1. By how many nm would the segment from residue 44 to residue 28 lengthen if fully extended, with 0.36 nm per residue of separation less the alpha-carbon distance?
2. What whole-number volume per residue, in cubic angstrom, does the convex hull of the C-alpha atoms of segment 17-72 give?
3. Put +1 on the Cβ of each Lys and Arg and -1 on the Cβ of each Asp and Glu in the chain; which of 72, 16, 35 then has its Cα farthest toward the positive end of the dipole?
Amino acid sequence: YPVSAVLADKDVMLCIRPGEHGSTYGGNPLGCAVAITALQVLEEEKLADRAERLGQVFRSSVLKLNSPLVST
């Protein structure tokens, strides 16, 4: 489900007044519920950590190919 967000520091956010910024997908209750659940899954299943570990395994395996097409 499409969702959008705006992230900025306090100085930037305080410059934006109501009606100055809009989003096609912002504020949709179903979209927000789906996004929150997706973020919970990312955290609970430690998917970022898993991606880092698997990325290291992949890079290591590719480097072992010893191909001139692969550089570090």
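Read the figures in this text as sums done on the coordinates, not as results from a lab. Given the structure is predicted, the values throughout are model-derived calculations rather than measurements. Every residue, glycine among them, receives a Cβ derived from its backbone with ideal geometry; neighbour counts consider all protein chains shown.
1. Values: separation 16, 0.36 × 16 = 5.76 nm, distance 2.41 nm.
The residue 44-residue 28 span can extend by a further 3.4 nm.
2. Hull volume normalised by residue count: 174 Å³.
3. Toward the positive end, the furthest listed residue is 72.
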